[in-house]
1. Test residue 11 against the stated conditions and say whether it is in a helix (DSSP H, G or I), farther than 21 Å from residue 71 by Cα and β-branched (Val, Ile, Thr).
2. For the stretch 31-64, which positions are at pLDDT 90 or above and closer than 30 Å to residue 77 by Cα?
3. Based on what the data block shows, is residue 6 in a helix (DSSP H, G or I) and either at pLDDT 85 or above or out of contact with any Lys or Arg (no Cβ under 6 Å at 6 or more places or on another chain) (or both)?
4. For residues in the stretch 7-33 being farther than 28 Å from residue 81 by Cα and in contact with a Leu (Cβ under 8 Å, 6 or more places away or on another chain), which is surrounded by the fewest Cβ atoms within 10 Å (Cβ to Cβ)?
5. I need a count of the residues in the stretch 34-86 that are more than 23 Å from the chain's Cα centre (by Cα), surrounded by 12 or more Cβ atoms within 10 Å (Cβ to Cβ) and closer than 28 Å to residue 19 by Cβ.
6. Please verify whether residue 61 is at negative phi and free of Cβ contacts under 8 Å to residues at least 40 places away in the same chain, treating the condition exactly as stated.
Amino acid sequence: MDPKMMQKMMVEGMRSGMRMTFDTMTSVQEQMEKMWKVLLEQSEDVRKEGEKVLAEWLENMRKGREEFRRNLEDGMRKMEDLIGQE
């Protein structure tokens, strides 16, 4: 098998694994959001302050996850460019 083809297949496998991991992380985060919302709905005492803190925390998590994903995608593109130049 051609080494370039093998490298491209490796990069594609890494990208596929990365995407599956991020999809799983997104699903887990969405389930945690639902759980927290149900918990806050059932507990009136901490509801207002808790909702504010939760919303802020979730937004920071989403932003961090998306930034991390963009950085990994950029790295993958650079790796593909390097493989393609050889």
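1. The answer is no for residue 11.
2. Listed by number, the residues that qualify are 59, 60, 63, 64.
3. yes
4. Restricting to residues being farther than 28 Å from residue 81 by Cα and in contact with a Leu (Cβ under 8 Å, 6 or more places away or on another chain), the top hit is 29.
5. Qualifying residue count for the region: 1.
6. Yes; evaluated as a whole, the condition is true for this residue.
The values are calculated or read from the model by the stated rules, or taken from the named source; none is laboratory data. Here the structure is a predicted model, which means the values were calculated and not measured. Neighbour counts are summed over all protein chains in view; Cβ atoms, including those assigned to glycine, are modelled from backbone coordinates with ideal geometry.
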